[in-house]
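Asks: Provided herewith is a single structure, encoded as structure tokens, for subsequent inquiry.
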Amino acid sequence: MIEKERVMPRIILILQALLRRLPQNHPKQHLISDELGKRMAGYKGETALDYTFSFLDPKTHFILHDLRIPFKDSFFQIDTLIITTKFILIIEVKYLAGVAYFDPVFNQLIQTKDGSEIALPDPTLQIKRQESQLIKWLNKYAFPSIPIYSYVVMSNDRTIIKTSPDNKSLNKVVIHRHSLLDKINRLENAGHGIETISIKNIKKLIRTFKRHHQEANPSVLERYNIMEKDLLKGVYCEKCNHLPLERRHGTWSCLKCENNNSHAHIQALNDYELLISPTITNTKLRKYLAIESPYVAKRLLQSLNLPTTGTKKGTTYILTFTERPK
């Protein structure tokens, strides 16, 4: 059973919004586009395993995606966690094209693609660290001892996995996705059917994971040293991407393609929440959407039925209307 669904990471939504709101000639656009491409590839790799997970018995396999749990002064993150009555399995997903060479001497993963080499952190070290952190976290909350295993799963079937001849244990932790079900079956049979945690405690553990999970909300503007004033203001046309639209007779009108859309401001406010602030006032809305009338701004905000704080001119609207794509 999927106990925590996979949704598109917030960082991807932030980067997409940032690219929409940057002038085409902005010097940071190329760097942001590159990061977005890498993030999307990682997300694509994780979703590629969903079909494999569909073959697991939902009554005995409890799956949580994209966990980010506070640990000491930091966090530990897990792409996918599978909990059964016999063991817990950590899955770290990698979606790489070309050749993935695991260098055991310098503890790095070298990706070779189109004749170029890129050095990446060794994910086998990462899953060992995750195992250690998870064990300490479970002990902290007094959960029973349960075997913990982990795999690095290459979700691109065309990835060629290589290592040095003396690194004979790599295939025990690094696998292609088509091997995952077989590996899980072997783990289930290895314990001779011995259950180490009850369904009742599994449910309690899942509730504890969900309660402590905190999604990352990075300040991308700060990271790329981009000021709010650098962002493009106004409402985009959903058909031709013209900016800005004009507010006419209760709708947004595009002077370029003549398309009308009464809800086009929702995407703009979504961008505002992702890039600038989770709250907005009438004054800030008018400046951001390039409209003059405070009455029009008030009607737009009230039509969204947003939670508010304050009263009258001091009213602040909390931007909680958006839904996350999967």
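Read-outs throughout are calculated quantities, based only on the coordinates presented, and are distinct from any laboratory measurement. Computed from a prediction, not measured in an experiment: that's the story for all the values here. Methodologically, a virtual Cβ is constructed for each residue, glycine included, from the backbone with ideal geometry; neighbour enumeration extends over all protein chains shown.
Asks: How many lysine pairs are close in region 199-266, with Cα atoms under 30 Å apart and the two 8 or more places apart or on different chains?
Replies: Total qualifying Lys-Lys pairs in region 199-266 comes to 5.
Asks: Can you give me the relative contact order of region 233-318 as a percent, contacts being Cα pairs under 8 Å and 6 or more apart?
Replies: 22 percent
Asks: With the cut-off at 1.5 for a/c, could you classify region 144-184 from its C-alpha gyration tensor as rounded, prolate or oblate?
Replies: oblate
Asks: Quick check: pseudo-label points 7 Å beyond the Cα along Cα→Cβ at F106 and E238, how many nm apart are they?
Replies: In this crude label model, F106 to E238 measures out at 5.0 nm.
Asks: Something else about it: In whole angstrom, note down how far apart the Cα centers of region 16-62 and region 293-321 are.
Replies: 32 Å
Asks: So what are the three principal axis dimensions of region 233-318 from its Cα atoms, in whole Å, longest to shortest?
Replies: Over region 233-318, Cα extents along the principal axes are 40, 27, 20 Å.
Asks: Could you work out the pair-distance distribution P(r) of the chain from its alpha-carbon pairs, with 10 angstrom bin width and percents rounded to whole numbers?
Replies: Here the calculated profile for the chain is 5, 21, 26, 21, 16, 9, 2, 0.
Asks: Related question: Once you wrap a convex hull around the alpha carbon atoms of region 167-326, what is its projected area averaged over all directions, in nm²?
Replies: Over every viewing direction, the Cα hull of region 167-326 projects on average to 17.2 nm².
Asks: Now, a different point. Gap in Å between the Cα centre of region 168-226 and the Cα centre of region 93-140?
Replies: If you average the Cα positions of each part, the centres end up 15 Å apart.
Asks: R0 = 56 Å: FRET efficiency of S164 with K312, Cβ-based, nearest 0.05?
Replies: 0.20
Asks: Now for a separate question. What percent do you get for the relative contact order of region 2-212 when only Cα pairs under 8 Å and 6+ apart count?
Replies: In percent, rounded to a whole number, it is 21.
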